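Here's the structure we're looking at; comments come further down.
The values are calculated or read from the model by the stated rules, or taken from the named source; none is laboratory data. What you see is a predicted model; the values in this text were computed from it and never measured. Methodologically, a virtual Cβ is constructed for each residue, glycine included, from the backbone with ideal geometry; neighbour enumeration extends over all protein chains shown.
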């Protein structure tokens, strides 16, 4: 199915550039995704904390962390994203609260000492993009957190992707399923982690997709106690344009309220774009 390709991921996000900032504000689903991630993160951040933003992208969450009183270290595989993050933090007048920025892969955080941060945030797809190396990447994220510190993690949802097959009505994907997803011989017995197929045009990067319970088990096995879990966009998906909803301020507000109210409902744990886990290192 193909191995993790660090250079491919770096090139993609270098090219993607400013769109990585825009994706969380350009439409209703993106706004809900951002609001849910922030809701889960906010209670963990205390003034004076030293936090690693791993896979920081253009710095959107770093700015939130700093405004909550934390000192932040920026880390990303993409030098373009790191530059965008530095610029966005500077434009917000917050650059004095950044302890450093590092072009690193989350599979190897050796530049950071063990237990050197009060918390680690790894939001978005960074863990998913490491594919078969995700256990090692997760171990590294946990390693650099001090005992009692927090990990805020999100990753791509397996069942959220599968639900899109009917929502988007894409027969071509279904007709050529083995070229896109490795579901094995018995889809009724799916593993907790499924790899997309290298070269599939349906995915912007090859990735690992997780079931919620499986991801939670991985975090627990890595030495953390689960504090909260959620799913981003339990009622919407980033690939579905909600044009009618977007055109109505009342509809947008109601959808956002419902998304925030339901994101931690265990009955919706596998529905949506991203799975979110907040955990504390033992």
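Within region 12-34, the residues that satisfy the criterion of being in contact (Cβ under 8 Å) with a residue 60 or more places away in the chain, within 15 Å of the chain's Cα centre (by Cα), part of a helix (DSSP H, G or I) and within 17 Å of residue 240 (Cβ to Cβ) are 29, 30, 31, 32, 33. For region 198-217, the criterion of being touching a strand residue (DSSP E or B) at 6+ places or on another chain (Cβ under 8 Å), more than 19 Å from residue 128 (Cβ to Cβ) and in contact (Cβ under 8 Å) with a residue 60 or more places away in the chain is met by no residue. Could you tell me whether residue 2 is in a loop (DSSP other than H, G, I, E, B) and at pLDDT below 95? Judged against the criteria, residue 2 is a match.
In the set (1) touching a strand residue (DSSP E or B) at 6+ places or on another chain (Cβ under 8 Å); (2) assigned to a helix (DSSP H, G or I); (3) surrounded by fewer than 18 Cβ atoms within 10 Å (Cβ to Cβ), the condition left unmet by residue 48 is number (2). The number of residues in region 65-93 being closer than 24 Å to residue 227 by Cα, surrounded by fewer than 22 Cβ atoms within 10 Å (Cβ to Cβ) and touching a strand residue (DSSP E or B) at 6+ places or on another chain (Cβ under 9 Å) comes to 1. Condition (residue is at pLDDT 95 or above, closer than 24 Å to residue 147 by Cβ and more than 18 Å from the chain's Cα centre (by Cα)) applied to region 76-96: is it met by at least one residue? Scanning region 76-96, I find no residue that is at pLDDT 95 or above, closer than 24 Å to residue 147 by Cβ and more than 18 Å from the chain's Cα centre (by Cα), so the answer is no. When residue 230 is tested against (1) modelled with pLDDT under 95; (2) within 23 Å of residue 43 (Cα to Cα); (3) not in a loop (DSSP other than H, G, I, E, B), just one condition goes unmet, and that condition is (1).
For the residues 146, 101, the requirement of being over 27 Å from residue 207 (Cα atoms) and either assigned to a strand (DSSP E or B) or modelled with pLDDT under 95 (or both) singles out 146.
Looking across region 29-45, the residues that are surrounded by fewer than 24 Cβ atoms within 10 Å (Cβ to Cβ) and more than 25 Å from residue 137 (Cα to Cα) come down to 30, 31, 35. When the residues of region 122-136 are filtered to those that are buried (at least 23 other Cβ atoms within 10 Å of the Cβ) and out of contact with any helix residue (DSSP H, G or I) (no Cβ under 6 Å at 6 or more places or on another chain), the one that is farthest from residue 57 (Cα to Cα) is 128.
Is it true that residue 255 is in a helix (DSSP H, G or I), under 30 Å from residue 148 (Cβ atoms) and at pLDDT 95 or above? No, not satisfied. Here is the figure for region 269-282: residues that are outside any strand (DSSP E or B) and either crowded, with 17+ Cβ neighbours inside 10 Å or at pLDDT below 95 (or both) total 5.
Among the residues of region 111-121, the one identified as surrounded by fewer than 24 Cβ atoms within 10 Å (Cβ to Cβ) and not in a loop (DSSP other than H, G, I, E, B) is 118. Does any residue of region 141-159 turn out to be touching a helix residue (DSSP H, G or I) at 6+ places or on another chain (Cβ under 9 Å) and either on the phi > 0 side of the Ramachandran plot or without any contact (Cβ under 8 Å) to a residue 60 or more places away in the chain (or both)? No, because not a single residue in region 141-159 is touching a helix residue (DSSP H, G or I) at 6+ places or on another chain (Cβ under 9 Å) and either on the phi > 0 side of the Ramachandran plot or without any contact (Cβ under 8 Å) to a residue 60 or more places away in the chain (or both).
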